[in-house]
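Reading through the structure tokens given below for one structure.
Nothing in this text is a laboratory measurement; each read-out follows from the coordinates by a stated rule. Predicted model only: the values in this text are computed from it and were never measured. When we count neighbours, we look across all protein chains shown, and the Cβ atoms used for this are built from the backbone with ideal geometry, even at glycine.
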């Protein structure tokens, strides 16, 4: 289990993150904008401002999502992506928020949700959100990523293409 954090997920001074019960991956190839956002949030100081080890807590997800994204304006073709995700108790007010291309963000969210269901994670269990560039080699046992990147898919659509570039969200 992870160390006890405050409501924002910040560890007390001198504490280090403990290993998680499970690992959930986000693939850089499939979800480049979301993967970059996660990496940026996990690297932000002070460490671990936005931890990689998170606690499943589905009950408050809607409230945490609203608290995290509410202060940020919406943009066409983009979602307000929050890290930590709202389904984890460390999410909510004060989360790291960025605009990510909607297909990228929704695909990554679906992938995380699918992995959590497949692992049959219960409330209170912990997961490490790990960004990988090659799922087969970075996390053995994960199916190899066979699809094109989100950017390549979007380039072939007539309407609404915007490169899956991470944009720091600005408050309204």
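By other beta-carbon atoms within 10 Å, ranking 75, 28, 118 with the fewest at the front produces 118, 75, 28.
The fewest-to-most ranking of 22, 114, 37, 96 by surrounding Cβ atoms within 10 Å reads 114, 22, 96, 37. For 121, 54, the sequence from fewest to most other C-beta atoms within 10 Å is 121, 54. The distance between label points at residue 114 and residue 75 comes to 2.7 nm (points 7 Å beyond Cα on the Cα→Cβ vector).
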